[in-house]
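Remarks on the structure that follows.
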Number of protein chains: 2
Amino acid sequence: MLIGELSRRTGVSARLLRYYEEQGLLGTRRDANGYRTYSNDAVVTVRQIRALLAAGLSTDVIRTVLPCANGDQPKLDMCPQLVRTLTDELAAMDGRIDTLRQARGTLAAYLPES
Amino acid sequence: MLIGELSRRTGVSARLLRYYEEQGLLGTRRDANGYRTYSNDAVVTVRQIRALLAAGLSTDVIRTVLPCANGDQPKLDMCPQLVRTLTDELAAMDGRIDTLRQARGTLAAYLPES
DNA sequence: CTTGACCTTGACACCGATGTGAATGCTTAA
DNA sequence: TTAAGCATTCACATCGGTGTCAAGGTCAAG
């Protein structure tokens, strides 16, 4: 599929899809004419990117993590640096989850319905 | 205490403390000489600000929420707008927590120790 | 062959949010 | 008196976009 269709299917502007590619988050193949061509998987990938960004991960981390999440190469090239990144990010996630849950509890106490 | 001491005690730069004041997150009294003066509570408040920011809350929301979290006025001036803000934020928090937990699960599967 | 929709790159500029740097000057303590 | 510490102010940086323009290539339908 071309970029316009992917945009329509994901609700993400073509502009932003090109931006994600530029940031190394979204791989593309090119047709002979130079057009970006996407597989159906791209729809899922774009949704993942959006979800992870919404969750507060940086594009840097997402770039590192996405190839694994997509199962492209499971555990294979687990160089120490990647393991470090993932471990650090997991710890940060746990921290954020804790903080959010705590803040949530504090706030909920001030509302009639939790 | 003066801003330098608060900075040392919280690990937050004086510059950033002034910024938080400018954003309405951190109240200050002034000495006759114009110097900012902080109570011991300010240390706690700054930590709260940092934690909530780290958890992904905006300064806008924190500004609304902090007076309650500090118990300054519990439930008193619960105007509908404030309830709306808090309710919305709780929902958003739940969403972020879900996304993070899911991402965490996906990532953890790729690491030997979870 | 033309038209119109769709694609390409590259650039420039702007936004809001969260900070950070640095210049310049006043106040206080040693 | 001198240095540390405080003050204000303007400006810049980064991140994650977003809009828009220019100048052009591609393709299917009529």
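For residues in the stretch B:1-22 being among the hydrophobic types (A, V, I, L, M, F, W, C) and within 21 Å of B:Arg63 (Cα to Cα), which is nearest to DNA strand C (Cβ to nearest atom)?
Narrowing the stretch B:1-22 to residues among the hydrophobic types (A, V, I, L, M, F, W, C): B:1-3, B:6, B:12, B:14, B:16-17.
Now narrow it down to the ones that are within 21 Å of B:Arg63 (Cα to Cα): B:3, B:6, B:12, B:14, B:16-17.
On the way: B:Ile3: 12, B:Leu6: 14, B:Val12: 7, B:Ala14: 9, B:Leu16: 4, B:Leu17: 9 Å.
Applying the filter and picking the extreme gives B:Leu16.
How many of the residues in the stretch B:93-108 are under 20 Å from the mean Cα position of the chain (by Cα) and open to solvent by 40 Å² or more (accessible area, probe 1.4 Å)?
Number satisfying all stated conditions: 2.
May I ask you to list the residues in the stretch A:1-34 that are of a type in the set (A, V, I, L, M) and free of Cβ contacts under 8 Å to residues at least 40 places away in the same chain?
Initial filter on the stretch A:1-34 (of a type in the set (A, V, I, L, M)): A:1-3, A:6, A:12, A:14, A:16-17, A:25-26, A:32.
Scanning the stretch A:1-34 gives A:Leu2, A:Ile3, A:Val12, A:Ala14, A:Leu16, A:Leu17, A:Leu26, A:Ala32.
If I filter the stretch A:46-65 down to residues being more than 9 Å from DNA strand D (Cβ to nearest atom) and among the basic types (Lys, Arg), which single residue comes out as farthest from the other protein chains (Cβ to nearest Cβ)?
A:Arg63
Inspect all residues belonging to the stretch B:36-45 and state whether any of them is within 14 Å of chain A (Cβ to nearest Cβ) and more than 8 Å from DNA strand D (Cβ to nearest atom).
Taking the stretch B:36-45 as the starting set, the residues that turn out to be within 14 Å of chain A (Cβ to nearest Cβ) are B:44-45.
So of that shortlist, the ones also more than 8 Å from DNA strand D (Cβ to nearest atom) come out as B:44-45.
Yes; the residues of the stretch B:36-45 include at least one that is within 14 Å of chain A (Cβ to nearest Cβ) and more than 8 Å from DNA strand D (Cβ to nearest atom).
From the list B:Asp31, B:Asp60, which residue is out of contact with any Asp or Glu (no Cβ under 6 Å at 6 or more places or on another chain), within 8 Å of DNA strand C (Cβ to nearest atom), of a type in the set (Asp, Glu) and closer than 29 Å to B:Asp94 by Cα? Write out each step before concluding.
Details: B:Asp31 fails: closer than 29 Å to B:Asp94 by Cα.
Of B:Asp31, B:Asp60, the one residue that is out of contact with any Asp or Glu (no Cβ under 6 Å at 6 or more places or on another chain), within 8 Å of DNA strand C (Cβ to nearest atom), of a type in the set (Asp, Glu) and closer than 29 Å to B:Asp94 by Cα is B:Asp60.
Starting from the stretch B:97-110, keep only residues that are closer than 19 Å to B:Leu52 by Cβ and polar (S, T, N, Q), then list their pairs with residues that are open to solvent by less than 40 Å² (accessible area, probe 1.4 Å) and not in a helix (DSSP H, G or I) whose Cβ atoms are within a distance under 7 Å, requiring at least 6 positions of separation or different chains.
Partner pairs satisfying both residue conditions: B:Thr99/A:Ala55.
Quick check on A:Met78: is it modelled with pLDDT of 80 or more and not charged (D, E, K, R)? It would help to see each step written out before you state the result.
Values: modelled with pLDDT of 80 or more: no; not charged (D, E, K, R): yes.
For A:Met78, the condition - modelled with pLDDT of 80 or more and not charged (D, E, K, R) - is not met.
The values are calculated or read from the model by the stated rules, or taken from the named source; none is laboratory data. Bear in mind that the values here come from a model prediction, so they are computed numbers and not experimental data. Note that each Cβ is placed from the backbone with ideal geometry, even for glycine, and that neighbours are counted across all protein chains shown. The accessibility values were calculated without ligands, DNA or RNA, using every heavy atom of the protein model including side chains. Shrake-Rupley method; radii C 1.70, N 1.55, O 1.52, S 1.80 Å.
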